[in-house]
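First comes the structure, then the notes that go with it.
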Ligand code: ACO
């Protein structure tokens, strides 16, 4: 084979570029389900739910709303805020554990809804950690010059995998979506580092057992609640605290930063007690964390980007702030991202 006679273009060998979140957006369905509403469905109380989790209410999608509908609504807001047209998007990544269907991917369904005809589409499955996993994939593509404008979405219809007779789980989750536009920026502000980790040996502590290839959906599976979330709550709690604190420390270490340098920590919005325990481990007061789980519950892959969007909108995160995002989810999976906003 002879060498080419002309100079090759080497798109993936360009100098690495700074990658920024140029805009965000979020969407929640209209229907609000309060703790008082749940008291009518299962044997629970507002007091129990709030003291154990910090949650007061959550939004629940309409029957005819799927995850892709929530995702597309959040994406529209992020695109408007960024001034980006659907044609400009060259990659759509959707982090979700409640896809519309087994295939095609939810990302392809979002592509159709928003008319982003030039985009490649991919779903990312890392449960509650999915958004930071997807954002890191996007970062790598943009940094090396392979893609220019990537839409990263975290979206969930958790109500579709909820056993409304299981009080230990049905009080914790909600539906929603958050989206971010990632682009290369000349300015120094951007994503500094990401830490990703997993431990598949602990997969049985948090799962939806049936509906996949191991145990396809069947009348029996549905009757036994196996197409819904099964969770060993206390075990999940312990691992979430260790996993999030460890990922946060490693992200800071990689950038030579101290926790005191971080203006705002945005954790996965699972449970205020988990967040308090992470704060204790890191030696950070609670006022440095941003939380909105009181109003939305745990929206899994959507939670961290919904919280970032709200924190920016209300001015809790300002230009130039060092922001730490940290998450934990089924798998187990965990991740942390440090960024200069
Ligand atoms: N209302 C009233 N009582 C309840 C409820 C409820 N909704 N749910 C459980 N209980 C009861 C239990 O039946 C039990 O009763 P018993 O003592 O008579 O047996 C009692 O409350 C205590 O139950 P525990 O499970 O031991 O309660 P715990 O203090 O561990 O709190 C919780 C449960 C809130 C689930 C906690 O373990 C937790 O926060 N775990 C983390 C789970 C989580 O956040 N998962 C999200 C998915 S993973 C992620 O996103 C990181």
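Read the figures in this text as sums done on the coordinates, not as results from a lab. All figures in this text were calculated on a predicted structure; none of them were measured in a lab.
Observations
- For the range 19-188, the calculated P(r) over all alpha carbon pairs, in 5 Å bins from 0 to the bin holding the longest distance, is 1, 9, 17, 20, 17, 12, 9, 7, 4, 2, 0, 0 percent.
- 0 to 90° range, to nearest 10: angle between helix 130-143 axis and the chain longest Cα axis: 0 degrees
- Taking only the C-alpha atoms of the range 191-340, Rg followed by Dmax gives 16.8, 54 Å.
- The range 51-99: projected area of the alpha-carbon convex hull, averaged over directions, in nm²: 5.5 nm²
- Of 201, 299, 98, the residue with the greatest mean-square motion in the GNM of the chain, using alpha carbon springs below 10 Å, is 201.
- Helical runs assigned H by DSSP (4 residues or longer) give the chain a calculated mean residue ellipticity at 222 nm of -9500 deg cm²/dmol, each run adding -39500 (n - 2.57) before division by the residue total.
- A Stokes-Einstein calculation at 37 °C with viscosity 0.692 mPa s, built on the Kirkwood radius of the range 260-308 over Cα pairs, returns a diffusion coefficient of 299 µm²/s.
- Sequence-distant contacts, meaning Cα pairs under 8 Å at least 6 residues apart, place the relative contact order of the range 191-340 at 37 percent.
- Taking the chain and dividing mean pair separation by its residue count, relative contact order in percent (alpha carbons under 8 Å, at least six apart): 24 percent
- Listed residues 78, 120, 247, most fluctuating in the chain (Gaussian network, C-alpha, under 10 Å): 120
- Euclidean distance between Cα centres, the range 123-157 to the range 32-78, Å: 25 Å
- Take every pair of alpha-carbon atoms less than 8 Å apart whose residues are at least six positions apart; their mean separation over the length of the range 19-188 yields a relative contact order of 34 percent.
- According to the Kirkwood relation over distinct C-alpha pairs, the hydrodynamic radius of the range 288-332 is 11.5 Å.
- Cα-Cα pairs of the range 20-82 separated by more than 14 Å (percent): 67 percent
- In the chain, the ratio of gyration radius to Kirkwood radius, Rg to Rh, stands at 0.98 when only Cα atoms are counted.
- Translational diffusion coefficient of the range 162-232 (Stokes-Einstein, Kirkwood radius from Cα pairs, 10 °C, 1.306 mPa s): 100 µm²/s.
- Taking the convex hull of the alpha carbon positions in the range 102-161 and averaging its projected area over all directions gives 4.6 nm².
- For the chain, the longest principal axis of the C-alpha atoms and the axis of helix 303-313 are separated by about 70°.
- Overall form of the range 262-341 per C-alpha gyration tensor (a/c, 1.5; a/b vs b/c): rounded
- Among 130, 200, 190, the largest mean-square fluctuation in a Gaussian network model of the chain (Cα springs under 10 Å) belongs to 200.
- Degrees separating the helix 233-254 axis from the principal Cα axis of the chain, which is the longest one: 20 degrees
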